[in-house]
Every structure is written in structure tokens, then in C-alpha cells.
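The structure under discussion appears below in the form of C-alpha cells.
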Amino acid sequence: MRVAFELAREAAARGDEPFGSVLVLDDTIVMSESNRIETETDIRYHPELHLAYRACREYDSKTRAEMVMYTSTEPCPMCSGGMLTAGFNSVVYSVSSDEIARITGRELSVNSTDVLGGVTDVVGPLLNDEGRQVHEEYGWA
């Protein structure tokens, strides 16, 4: 989870919103991504969605079903949809959708459990104080 926090801080430092994620297989990080929607000028470049895309290209469904994604913030509905297709074992987040909606002032539409329930276990919040600190450092306006 702390690697996801560092990736979120790296995203913020380069001008993107502070989100980061890692994909783990057998207790080893096999992929990592940070938010790049601004720097890549691509609204789809959320770390969770991009990891789901890459995992589907590089791993078979059986292997993906053993993977765990650790992400700094609970995945949005778009990312959850990509993760549903990828079929990961679980996702572990630090800051919930409800919290990030309050922090950013944006409306919450759908929690990841509503999309992933029954396919991918959703676990969190984990290390919530540290995750919130990443967003406090960013200073959402």
C-alpha cells in the first residue's frame, strides 16, 4: 500500500491527481501505475484501469484471478468495470469513495463493491490515515 502512496505522490508532483496502484501476485509487485490523466491527456489513464488493461494483455484469466490490487483510493466506477473484466482476486484500498467525494467536493456515484461484488473482493480502508495524508498534501481545491 505504501508503494501506491508513493506513486500517488509522484503523480501529484508531475501535475496529475494523486492516485497510485500496484498489482501483486504471490506477494510480489508485478505492475505499478500512477494517475496520468493530465500528463497523457487521456481521461482513461487512471492507475487501476490501466493496470487492468495491461494485466489482460499480459496474463491469462487464471493468473489474474490470483492477483491483488492495492490502490491508494477506492476505484471509481470506470476502473471497477475494467477490474471486473480482468477478474482480479481482490482490491485493497486506503481511502474510500465516500471519503474522496468529501475531500474533493465531487459527487459519489457508485462504490466499487456495487460493481465488483461477487467477482472481486473489495477490502478497505487500510492505512487510512496515511492515505488521507496524500490527499491533504495535494490540497484539493
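Computed values, structure above
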| quantity | calculated |
| --- | --- |
| Any hit, the range 128-141, residues being over 14 Å from the mean Cα position of the chain (by Cα), under 30 Å from residue 61 (Cα atoms) and assigned to a loop (DSSP other than H, G, I, E, B) | no |
| Test: residue in the range 96-106 that is out of contact with any strand residue (DSSP E or B) (no Cβ under 9 Å at 6 or more places or on another chain), in a loop (DSSP other than H, G, I, E, B), touching a residue at least 24 places away in the same chain (Cβ under 8 Å) and over 15 Å from residue 19 (Cα atoms) | yes |
| So residue 71, is it on the phi > 0 side of the Ramachandran plot and either within 11 Å of the chain's Cα centre (by Cα) or surrounded by fewer than 17 Cβ atoms within 10 Å (Cβ to Cβ) (or both) | no |
| Exclusive hit being in a loop (DSSP other than H, G, I, E, B), of a type in the set (D, E, K, R) and under 20 Å from residue 121 (Cα atoms), set 66, 48, 40, 17 | 66 |
| Options 63, 85; residue that is out of contact with any Asp or Glu (no Cβ under 8 Å at 6 or more places or on another chain), at pLDDT 95 or above and open to solvent by less than 70 Å² (accessible area, probe 1.4 Å) | 63 |
| Considering residues of the range 71-95 that are in a loop (DSSP other than H, G, I, E, B) and in contact with a Phe, Trp or Tyr (Cβ under 9 Å, 6 or more places away or on another chain) only, the residue farthest from residue 47 (Cα to Cα) | 74 |
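The values are calculated or read from the model by the stated rules, or taken from the named source; none is laboratory data. Quick caveat: nothing in here was measured; it's all calculated off a predicted structure. FYI the Cβ positions are ideal-geometry reconstructions off the backbone, even for glycines, and counts take in every protein chain you see. Note: areas computed on protein heavy atoms with side chains; ligands, DNA, RNA excluded. Shrake-Rupley method; radii C 1.70, N 1.55, O 1.52, S 1.80 Å.
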